[in-house]
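Inspection log for the structure reproduced underneath, given as structure tokens.
The values are calculated or read from the model by the stated rules, or taken from the named source; none is laboratory data. This structure is a prediction, so every number in the text was calculated from the model and none was measured. Here Cβ is always computed from backbone atoms with ideal geometry, including for glycine, and neighbour counts include all displayed protein chains. The protein model used for the area step is the full one, side chains on, heavy atoms only, and it has no ligands, DNA or RNA in it. Shrake-Rupley method; radii C 1.70, N 1.55, O 1.52, S 1.80 Å.
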Amino acid sequence: MTTGPALGQELDSRATDISRIVITHAHPDHVRGLAELVARTGGADVFIHELEERWLATGRVPRHGRSGALGRAIDHLPLLHWQPVAASRTVTDGESIGSLRVIHTPGHSPGHIVLLHEPTRTLLVGDAVFHRSKLALGPAVLAADPAARPASLLRMPRDVHAVGFAHGQPLSGERISAFHDFLQAIAAGEARHA
Ligand SMILES: [Zn+2]
Ligand SMILES: [Zn+2]
């Protein structure tokens, strides 16, 4: 999430046009700019899964939020803390926020959610899947429950036209087949980390 001066320009809209902000999960790289973003929007409502509402309000990932010692160690760094934000509302699996459907995908973090924009069948996967040099589950030590990730991925819809990642370029058109292949590999038990 960026909160620079360019916010909204690509969409030909202004920050104050934003009335709702949906957070996929409360990791520092996703929420460190949230308090400022809320301020710039003039007080947009913040939505987050109920399991991470307290994280957001505390301003850091708790000890149980990472499975690995390295992950827990980095959460001590002040750089990875954020200005606490009180969520306006919590969300649960299956509910809709406007045209976005919430899909609970625990593993990377306990309250991680994926969002399906139903009119365009666009899936916003947050950190459930990383798309750096290839599609992958991401580093296990930074995840809360790495073993839970494959089952969560299989809860995501496959009949989608585009996939947006928090880390990596989006996939659409013919390139969407790479996403389908990845889910198939996960279903076959071939988990791919970082
Ligand atoms: Zn994350
Ligand atoms: Zn991230």
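What to note about this one:
- Beta bridges by DSSP in the stretch 1-157, antiparallel share as percent, to the nearest 5: 65 percent
- When peptides 21-34, 77-90 are ranked by their average number of other Cβ atoms within 10 Å per residue, the highest-first order is 21-34, 77-90.
- Cα-centred dipole magnitude for the chain, charges only on beta-carbon of K, R (+1) and D, E (-1), debye, nearest 20: 400 debye
- Geometric extent, Cα atoms of the stretch 1-140 - Rg, Dmax (angstrom): 15.1, 44
- Viscosity 1.306 mPa s, temperature 10 °C, Stokes-Einstein D of the stretch 147-194 from Kirkwood C-alpha radius, µm²/s: 139 µm²/s
- Each residue of the stretch 165-173 was assigned a 3J(HN,Hα) from its phi angle through the Karplus curve 6.51 cos²θ - 1.76 cosθ + 1.60 (θ = phi - 60°); the sequence is 10, 6, 10, x, 6, x, 10, 7, x Hz, with glycine and proline shown as x.
- Across the stretch 149-155, coupling constants 3J(HN,Hα) worked out from phi with the 6.51/-1.76/1.60 Karplus curve, θ = phi - 60°, read 5, x, 4, 5, 5, 6, 8 Hz, and Gly and Pro carry x.
- Count Lys and Arg as plus one, Asp and Glu as minus one, and take only other residues whose Cβ is under 13 Å from that of LEU142; the net charge is then -1.
- On a per residue basis, the chain carries 50 Å² of accessible surface, using protein heavy atoms and a 1.4 Å probe.
- Charged neighbours of ASP75, selected by a Cβ distance under 9 Å, balance to +4 (K, R count +1; D, E count -1).
- Taking amide H atoms as placed 1.01 Å from N in the peptide plane, the amide H of VAL61 has no partner under 5 Å among residues 5 or more positions away or on other chains.
- The chain - percent of accessible surface contributed by carbon and sulfur, probe 1.4 Å: 53 percent
- Neighbour net charge for ARG89 - beta-carbon separation under 15 angstrom, K R +1, D E -1: -4
- Length gained when the stretch HIS81-ALA188 is fully extended (0.36 nm per residue, less Cα-Cα span): 34.8 nm
- Only helical runs count toward this figure. For the chain, summing -39,500 (n - 2.57) over DSSP H runs of n ≥ 4 and dividing by all residues gives -5000 deg cm²/dmol at 222 nm.
- Taking 0.36 nm per residue of sequence separation and removing the Cα-Cα distance, the SER88/ASP17 pair yields an extension gain of 23.8 nm.
- Placing dummy labels 7 Å off each Cα toward the beta-carbon, the span from ALA73 to ARG132 is 1.8 nm.
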